[in-house]
Amino acid sequence: MLAARKITPRTLPTRSNAPPRSQGPPPLPPGPKPLPSSPFTEEQRAFPPAWATSVTKFSTLSGALSLSLRELKALAAVPHERSSDSESSPSARITRTQTKIMLGQRIDFAFQSASTHIRNKGLPIYTLAMASEGELIKHIARGSETVMESFKLRRICVRVQWPFPREGGLGYIMHEEWVTVNASTTKVQIAMATAGVFRNFYEKFRIPLGSLSESEWVMGQDAFYRVWLTGLERTGNNVFTADLRYVKDYPTPEQQ
């Protein structure tokens, strides 16, 4: 397994640490630099209009909510290891009993939509990175719900894995970052933080992953706009692995 770890503290906004109104708005939490307002580079803008339409559909709120059941079938589950097996991992030395207790613990992300076919498909990473917290709360199911109190953790290690071919089988490139949490941390805040972790992963590994032209999981130049987050699965004592979906190929007009 190729592994690159970036253990960086990340503080989420909480109601408890907001300053009084008389002192002005609270400072923004540390995070990645903002993405450009348009998901297209100059080179990508020269692509056919159908490509631009597909990118918009799978990366924005309005586009995602308009996807048909047939189009959503383009989202393929990204495989990842579901157990923590490295002694150097932040979750090292967890006991077998602890592992059984943690089995199945996860945080799911879904749209709050009247269309049943999109409710459990996850959320576009690009949207989570770009939209405001207030806007996301309107569209994410139980977005303002607190989700960390039951875990009794003060920080979690968010892990992103991506399939990487190696001799004799399939390996994974891994990226990890620490995220500070508390009992008042909401589902929206965790989703936004995870999007930031994925963006850092994408910026670090898009060149080597983009060069794997023969791999079914090749990461193209527009990969950041093809990935959806469906959940965070607890795979270690304080390790939560991102459960992702990826649009390998955009649907053709016949599939829409």
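Please treat every number below as a calculation from the coordinates, not as lab data. What you are looking at is a predicted structure, and each value in this text was computed from that prediction instead of being measured.
Which far-off residues, 5 or more places away or on another chain, put their amide H under 5 Å from the one on Val239, with H placed in the peptide plane?
Here the answer is Cys157, since their amide H atoms fall under 5 Å of that of Val239.
What are the ³J(HN,Hα) couplings of region 128-140, residue after residue, when phi is run through the Karplus curve with 6.51, -1.76, 1.60 and θ = phi - 60°? Round to Hz, x for glycine and proline.
Each residue of region 128-140 in turn: 5, 7, 9, 6, 6, 4, x, 5, 5, 4, 5, 10, 9 Hz.
Please turn the phi angles of region 169-184 into ³J(HN,Hα) values with the Karplus equation 6.51 cos²θ - 1.76 cosθ + 1.60 (θ = phi - 60°), one per residue in order, whole Hz, x for glycine and proline.
Here the 3J(HN,Hα) series is x, 10, x, 9, 8, 10, 9, 10, 9, 7, 10, 7, 9, 7, 5, 9 Hz.
Taking H as built 1.01 Å from N, whose amide H comes closer than 5 Å to the amide H of Met148, not counting residues under 5 places away?
Thr185
Non-local amide H neighbours of Leu123 (under 5 Å, H modeled in plane, Pro and chain starts lacking H): which ones?
The answer is Leu229, Thr230.
Let a ≥ b ≥ c be the square roots of the eigenvalues of the Cα gyration tensor of region 103-256; is it rounded (a/c under 1.5), or, if not, prolate (a/b larger than b/c) or oblate? Walk me through the numbers before you get to the answer.
Numbers: a/c = 1.95, a/b = 1.26, b/c = 1.55.
Oblate is the answer for region 103-256, as a/c is 1.5 or above yet b/c matches or exceeds a/b.
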